[in-house]
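Novice: Attaching a single structure in structure tokens format; questions to follow.
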Amino acid sequence: MAGIQGTPGTPRVLRAMNDRAALDLLLEHGTLSRTRIGKLTGLSKPTASQLLARLEAAGLVRVTGTTEGRPGPSAQLYALEPGAGYAAGLDVNQHRIRAAVADITGAVTGEYELRTEGRTGDGVVRQVTDALDGAVKAAGLTRADVRRLVIGTPGAFDPATGRLRYASHLPGWHSPTLLEELAAVLPMPFEYENDVNLVAIAERALGAARGHEDFVLLWNEEGLGAALVLGGRLHRGFTGGAGEVGFLPVPGTPLVRQVTQANSGGFQELAGVQSVPRIARAVGIDTPEQPYVAVASGLLARAAETPEDGPYAELLDRYAERLATGLASLVAVLDPELVVLSGDVLVAGGEPLRARVQAELADLAASRPRLVLTAVPHEPVLRGALESALATTRDEVFDTSR
């Protein structure tokens, strides 16, 4: 078990392992009786009783009621103590910072959104602390109550330099001392992660990728990105840039050179959000271009409602071909068992878009991964940040060997 201290096989370590097993069961099931915990862990009734008494005294579990509607005497029901630990997450883009705090069960207890349009990049540290403080206050807590924070941003922080790469559109986040400045003002440990990687964490914990060790998540909102999960682990690459598929050269568009300066690439030009209104106009649909995400999502949602014939069906056909063109390169290299489509633009196209991409990919790729739509459509970056922060927090809080 992660975090358990001591010599393997000693009573202290065995107790801690049993404690963690019981806590994980309560996390999964919500409430359980002593008898049920004993059966699921293989512990005797006396040992299960001692375990629950120990966890209750430690402030990790609580009695929430009794069983009803069954023959025989009522049994007490136990659940995790929600206040045993709190974690926070931030979802950052160039328009706003969304923050949330969750208790040890994963329930969100406070949320806050800070708009950042028109602000200079000089106040990034203040923006982070203001957003965090807003969520903490909404949860009725203080900063000191939060055990861990995970910050999700576009691009990735290069582990060698500590500087944010692949996100030139995020002002103020590229200072080489930013992480040190944040560490100086935040009272809790914090981590940073690419936003699309966090979506994959949420999808694997709560969504369509549960139980899958190898999958690709394709994300499309303001930019195209992918998360690569191989053998159950996120593949981040040497500079943290694995999955920056918007820069991928693909057939169908001119080569984009100096991609970091352009903040775009072949796949972004072919199938990014800005391509959808252009395709729509080409098939005879009168539409504005901007705001890109809202316009593209609206067009694809309309197309999903009328997918059988006419210009909207042609929009779906052409856009699906473009998506499959880039996906085919990923599939050829990675051969994943599953591809998850996520982000507002892809979600808007729904099943009609998914089915078309699946059919196109079958023609373009030698392997045939299954394509599915996301099962975490609501604030997936923020949910992934919370899941990541909670995983470490639970390892610390649930370790009773200390």
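Novice: For the range 343-353, what does the Karplus curve 6.51 cos²θ - 1.76 cosθ + 1.60, with θ = phi - 60°, yield as ³J(HN,Hα) per residue in whole Hz, taken in order and with x for Gly and Pro?
Specialist: My calculation for the range 343-353 gives x, 3, 5, 6, 5, 4, x, x, 4, x, 5 Hz in order.
Novice: For the range 20-37, take each phi angle, set θ = phi - 60°, evaluate the Karplus expression 6.51 cos²θ - 1.76 cosθ + 1.60, and give the result in whole Hz per residue in order, putting x for glycine and proline.
Specialist: Per residue, the Karplus-derived 3J(HN,Hα) values read 5, 4, 5, 5, 5, 5, 5, 5, 6, 9, x, 9, 8, 7, 4, 4, 5, 4 Hz.
Novice: Taking amide H atoms as placed 1.01 Å from N in the peptide plane, list the residues 5 or more away in sequence, or in a different chain, whose amide H sits under 5 Å from that of ARG96.
Specialist: THR116
Novice: Any number yet on Rg/Rh for the chain, C-alpha, Kirkwood?
Specialist: 1.03
Novice: Also, I was wondering about something else. Going toward the positive end of the dipole of the range 208-364, with +1 on Lys and Arg Cβ and -1 on Asp and Glu Cβ, which of ALA328, GLY266, PRO307 do you reach last?
Specialist: Ranked along the dipole, the leading option is GLY266.
Novice: Still on this model: For GLY240, what is the net charge nearby, where nearby means another residue's Cβ is under 13 Å from its Cβ and Lys, Arg count +1, Asp, Glu -1?
Specialist: -2
Novice: For a test of the definition: using alpha carbon positions, the gyration tensor, and the 1.5 limit on a/c, classify the range 198-293 as rounded, prolate or oblate.
Specialist: oblate
Novice: Considering only the other residues whose Cβ falls under 11 Å of the Cβ of GLY225, what net charge follows from Lys and Arg at +1 and Asp and Glu at -1?
Specialist: -4
Novice: Suppose every K and R has +1 on its Cβ and every D and E has -1 on its Cβ; what is the size of the dipole of the chain about the Cα centre, in Debye to the nearest 20?
Specialist: Values: 38 positive and 47 negative charges, 282 e Å.
Result for the chain is approximately 1360 debye, rounded to the nearest 20.
Novice: In Å and on Cα atoms, what radius of gyration and Dmax does the range 141-242 show?
Specialist: 14.8, 39
Novice: Oh, and also: Where nothing but the Cβ of Lys and Arg (+1) and of Asp and Glu (-1) is charged, how large is the charge dipole of the range 327-402 around its Cα centre, in debye to the nearest 20?
Specialist: 120 debye
Novice: Restricting to DSSP loop positions (anything but H, G, I, E, B) with no more than 12 other Cβ atoms inside 10 Å of their own Cβ, which GluC sites (Glu not before Pro) remain in the range 279-355?
Specialist: GLU308
Novice: In square angstrom, what is the accessible area per residue of the range 12-62 with a 1.4 angstrom probe?
Specialist: 52 Å²
Novice: Comparing GLY350, GLY38, GLY223, which has the greatest mean-square fluctuation in the GNM of the chain with Cα pairs linked when under 10 Å apart?
Specialist: GLY38
Novice: How big is the charge dipole of the range 172-280 about its Cα centre, in debye rounded to the nearest 20, if each Lys and Arg gets +1 on its Cβ and each Asp and Glu gets -1 on its Cβ?
Specialist: It comes to approximately 320 debye.
Novice: Collect residues whose amide H, placed 1.01 Å from N in the peptide plane, falls under 5 Å from the amide H of THR109; neighbours closer than 5 in sequence don't count.
Specialist: So THR109 has HN proximity to VAL101, ALA102, ASP103.
Novice: Do you know the relative contact order of the chain, to the nearest whole percent, from alpha carbon pairs under 8 angstrom that are 6+ apart?
Specialist: Details: 788 pairs, mean separation 68.6, N = 402.
Once normalised by length, the contact order is 17 percent.
Novice: In whole Hz, with x marking every Gly and Pro, tabulate ³J(HN,Hα) for the range 310-317 from phi via Karplus 6.51 cos²θ - 1.76 cosθ + 1.60, θ = phi - 60°.
Specialist: 3J(HN,Hα) across the range 310-317, in whole Hz: x, x, 5, 5, 5, 4, 4, 4.
Novice: Once amide H atoms are placed 1.01 Å from N in the peptide plane, what residues at a sequence separation of 5 or more from LEU371, or on another chain, have their amide H within under 5 Å of its amide H?
Specialist: Amide H neighbours of LEU371, under 5 Å, 5+ apart: VAL339.
Novice: Compute the Cα gyration tensor for the range 251-386, then decide on rounded, prolate or oblate, letting a ≥ b ≥ c be the square roots of its eigenvalues: rounded whenever a/c is under 1.5, prolate when a/b is larger than b/c in the other cases, and oblate in all that remain.
Specialist: Rounded, since a/c falls under 1.5.
The values are calculated or read from the model by the stated rules, or taken from the named source; none is laboratory data. Just so you know, these numbers come straight off a predicted model, no measurement behind them. Cβ atoms come from the backbone with ideal geometry, glycine included; neighbour counts cover every protein chain shown. For the accessible areas, the whole protein counts, side chains as well, though only heavy atoms, and no ligand, DNA or RNA atoms are used. Shrake-Rupley method; radii C 1.70, N 1.55, O 1.52, S 1.80 Å.
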